[in-house]
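The values are calculated or read from the model by the stated rules, or taken from the named source; none is laboratory data. Just so we're clear, the structure is a prediction, and the values are computed from it rather than from any experiment. Note that we place each Cβ from the backbone using ideal geometry, even for glycine, and neighbour counts take in every protein chain shown. Accessible surface is based on the protein model in full, side chains and every heavy atom, while ligands, DNA and RNA are left aside. Shrake-Rupley method; radii C 1.70, N 1.55, O 1.52, S 1.80 Å.
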Amino acid sequence: MNIHEYQAKQIFQKYGVPTPRGIIANTPDEAVANAKELGGKIWVVKAQIHAGGRGLGGGVKLAKSIDEVRELADEILGMTLVTHQTGPEGKLVQKVYIEEGANIVDELYLSVVLDRAAEMPIIMASTEGGMDIETVAAKTPEKIIKVAVDPAYGFQGFHGRELVFGLGITDKAEQKKMIQFASKLYKLYMENDAEMIEINPLIKTAEGDFLALDGKMGFDDSALGRHPDIEAMRDISEEDPDEREASQYGLSYIALDGEIGCMVNGAGLAMGTMDTINYMGGTPANFLDVGGTANAQTVAKGFEIILKNPNVKAIFVNIFGGIVRCDRIANGILEATKLVDVNVPVIVRLDGTNAPEAAEILKNANIDNIITATDLGDGAAKAVAAAKGE
Amino acid sequence: MSILINKDTKVIVQGFTGSEGTFHAEQCMAYGTNIVGGVTPGKGGQEHLGKPVFNTVKEAVASTGATVSMVFVPPAFVGDAVMEAASAGIELAVIITEGAPVKDMQAAKACAVKNGMMTIGPNCPGIITADECKIGIMPGNIFKKGNVGLISKSGTLTYEGANQVVNEGYGITTAVGIGGDPIIGLSYKQLLKMFQEDPETEAIVMIGEIGGDLEIQAAKFIEENITKPVVAFIAGQTAPKGKRMGHAGAIISGTAGTAKEKMDALESAGVKVVVSPAEIGKAIKEVLS
């Protein structure tokens, strides 16, 4: 689960990680009131969406007067912001964060993420803040400092020294501030079951302070149960409504732009099915994993969600039953044809647990637009042909 | 021969009396797995499925001589259960449970390594040595005995791959589902090495997915160490680029983890890479004939 910048900064502040002062606004009026409350002469109006690249997309702007705060808030609220991380459809901006301006003398980069190979969290830092950090890593990898921290021992003095000397910070007071910054960030990463924290840029001010000017945070979904305060930060408007509806039925759904609807058990086989359709000259309309507990009701729901997409010309049901029993899937397909108007050909391949019973159920039902397939290759070929009207 | 487990392996079940644990322990026993008991705290002294229940893994090991544990406890207790198994001298823990917090698995894995215990999973179908021992949730009947080893991140693709190998007239020595969570136990490298050393295994099927760089590391390892033919499929060539928030994940591994990158790396390591899982069986036939 991801959260907004302003929420990440609330968590930072709770742990004593310094940030500029800011207040969230839902309307231009609130934006103006917030700017007045913050005081000063310069404010930054920042779109709150779950994606990076907001500045380049026009979602982060500087205001030099209260009137300008109103103008910019009015412009940004309600806009559809497209960045390299939103996909071409962009994201609707519903909140803006009004933040005080800062005297920036230097921009750094700092993040904490799990290093899967080392099997422990790693702190990454760079002097090249404010830039596209993936480009920095690709072109000048020596400018990325990596410090792995073993949770068995925690953040030690040497971790801090590796970071500050690596960043070329020589002033004693500044070294101390940066080490505290990183140590607190590591602490909040661990205590909140974070998956990723990224601050880009982390700024040094003219006053010699380090501040998190941005903040991105993602959390381990499996651990949300023990963090009700984090779970309360969930913004469902950032999630796709169809994907969300599917997840309530234990289905994992992602819409794509092709013509063949897919219903598969297991994420790996679901991706493999899409790959096979593509290989045979078709295009998948979605990814749909019915999970390990699929039954008649969830299968019917899956059909309903797939058929909401007007581009779907055929549906390929590909099940290799282990825990999932094929007879239940077959009954689900029959159920679906009663509940939803299934007006496209449905290609069904059921293999594994109770496959013979399932074949019998489908045969006896004798429904015109159900086409059975013997294996994955056969099913994909029939689905591609059906989508082409052959 | 086989790797890791065979008909003599003594297995206990952690989370033995729960509904999942009960159902799958029964299925494993029906397959022939030598389940010698189980652990459910507070139910020690009882009998379940005709086998003794213990309060702790330590008692279970002392009483039964079990060396392998199949873990079915709920997600929030997986870390604890794995550390208990490691501390009690279990040699291999097969963790089936889905949804264990990553932080818990990080600590559990470190504890396992320190105690010399191997782990498989979490969030995986388990491991099966055909016709001898099944520790997991896979449908046993599709794994006919033969000479192909199988390693897969994905559960259902394990079944798909094994089924195709069998349909071409070949069979399986051992199949291992390693799981795709951020922290996993045994991975491609260690298992490839075991299959290389297993005299009965003549070819290896390796099934991967997008994300991470385990398959890239495996490709390097195959190039240097594996002389047996390897067939590979990487799922997710057509998966949409994930909508991401940050960049830190991609920097850390130095790779975007795309299917293409992995397929190219494996291909240049001499692996026979197929573009659809429907081609796995045919590819095995090709490399073995």
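Consider residue B:238 carefully, then state whether it is more than 10 Å from every other protein chain (Cβ to nearest Cβ), at pLDDT below 95, under 27 Å from residue A:53 (Cβ atoms) and open to solvent by 10 Å² or more (accessible area, probe 1.4 Å). It is false that residue B:238 is more than 10 Å from every other protein chain (Cβ to nearest Cβ), at pLDDT below 95, under 27 Å from residue A:53 (Cβ atoms) and open to solvent by 10 Å² or more (accessible area, probe 1.4 Å).
A count restricted to segment B:151-179 and to residues that are crowded, with 23+ Cβ neighbours inside 10 Å, in a loop (DSSP other than H, G, I, E, B) and at negative phi stands at 3.
Checking each residue of segment A:188-199 against the condition of being more than 14 Å from every other protein chain (Cβ to nearest Cβ), open to solvent by less than 10 Å² (accessible area, probe 1.4 Å) and either farther than 23 Å from residue A:134 by Cα or not in a loop (DSSP other than H, G, I, E, B) (or both) gives no match. Within segment B:187-198, residues that are among the aromatic types (Phe, Trp, Tyr) have Cβ atoms under 7 Å from residues that are part of a helix (DSSP H, G or I) and open to solvent by 10 Å² or more (accessible area, probe 1.4 Å) in these pairs: B:188/B:214, counting only partners at least 6 apart in sequence or on another chain.
The set of residues in segment A:213-242 being under 29 Å from residue B:234 (Cβ atoms), within 11 Å of chain B (Cβ to nearest Cβ) and of a type outside the set (Gly, Ala, Ser) consists of A:216, A:219, A:220, A:221, A:239, A:240. Considering B:103, B:134, the condition of being farther than 21 Å from residue B:57 by Cα and of a type in the set (Lys, Arg) is satisfied by B:103 alone. Checking the stated criteria, residue A:283 turns out to be in contact with an Asp or Glu (Cβ under 6 Å, 6 or more places away or on another chain) and within 9 Å of chain B (Cβ to nearest Cβ).
Taking (1) within 24 Å of residue A:25 (Cβ to Cβ); (2) within 10 Å of chain B (Cβ to nearest Cβ) in turn, residue A:69 satisfies each apart from (2). The condition of being more than 30 Å from residue A:48 (Cα to Cα), of a type in the set (Asp, Glu) and more than 9 Å from every other protein chain (Cβ to nearest Cβ) holds for only one of A:128, A:162, that being A:162. Among the residues examined, residue B:38 does not qualify as over 18 Å from the mean Cα position of the chain (by Cα), at pLDDT 95 or above and surrounded by fewer than 16 Cβ atoms within 10 Å (Cβ to Cβ). Can you find a residue in segment B:213-234 that is of a type in the set (Asp, Glu), more than 13 Å from chain A (Cβ to nearest Cβ) and surrounded by fewer than 20 Cβ atoms within 10 Å (Cβ to Cβ)? Yes: one or more hits. So residue A:87 ticks every box in (1) closer than 30 Å to residue B:214 by Cα; (2) surrounded by 21 or more Cβ atoms within 10 Å (Cβ to Cβ) but one. Which box is left unticked? Only one criterion in (1) closer than 30 Å to residue B:214 by Cα; (2) surrounded by 21 or more Cβ atoms within 10 Å (Cβ to Cβ) is unmet by residue A:87, namely (2). Looking at A:49, A:66, just one residue is of a type in the set (Val, Ile, Thr), more than 21 Å from residue A:133 (Cα to Cα) and not assigned by TED's automatic domain parsing to the domain that holds residue A:214, and that residue is A:66.
For segment A:90-123, filtering for residues that are at negative phi, open to solvent by less than 60 Å² (accessible area, probe 1.4 Å) and within 12 Å of chain B (Cβ to nearest Cβ) leaves 13. Only one entry in B:279, B:286, B:267 is farther than 26 Å from residue A:118 by Cβ, within 12 Å of chain A (Cβ to nearest Cβ), modelled with pLDDT of 90 or more and not in a loop (DSSP other than H, G, I, E, B), namely B:279. Identify the residue in segment A:302-346 that is within 14 Å of chain B (Cβ to nearest Cβ) and in contact with a Phe, Trp or Tyr (Cβ under 7 Å, 6 or more places away or on another chain) and, among all such residues, is nearest to residue A:277 (Cα to Cα). Among those that are within 14 Å of chain B (Cβ to nearest Cβ) and in contact with a Phe, Trp or Tyr (Cβ under 7 Å, 6 or more places away or on another chain), it is A:320.
Restricting attention to segment A:255-280, the residues that are among the hydrophobic types (A, V, I, L, M, F, W, C) and at the interface with chain B (Cβ under 7 Å from one of its Cβ atoms) add up to 5. In the set (1) under 22 Å from residue A:248 (Cβ atoms); (2) open to solvent by 10 Å² or more (accessible area, probe 1.4 Å), the condition left unmet by residue A:306 is number (2). Residue selection: residue A:239 fails the criterion of being touching a residue at least 40 places away in the same chain (Cβ under 8 Å) and out of contact with any strand residue (DSSP E or B) (no Cβ under 7 Å at 6 or more places or on another chain). Which one is least open to solvent (accessible area, probe 1.4 Å) among residues in segment A:55-77 that are touching a strand residue (DSSP E or B) at 6+ places or on another chain (Cβ under 9 Å) and under 26 Å from residue A:257 (Cβ atoms)? Within segment A:55-77, the match that is least open to solvent (accessible area, probe 1.4 Å) is A:59. Of all residue pairs spaced 6 or more apart or on separate chains, those with beta-carbon atoms under 7 Å, a first member in segment A:143-168 that is assigned by TED's automatic domain parsing to the domain that holds residue A:124 and a second member that is open to solvent by less than 30 Å² (accessible area, probe 1.4 Å) and part of a loop (DSSP other than H, G, I, E, B) are A:145/A:167; A:155/A:149; A:159/A:149. Taking the criterion of being in contact with a Phe, Trp or Tyr (Cβ under 7 Å, 6 or more places away or on another chain) and without any contact (Cβ under 8 Å) to a residue 60 or more places away in the chain, the residues of segment A:30-84 that qualify are A:46, A:48, A:63, A:69.
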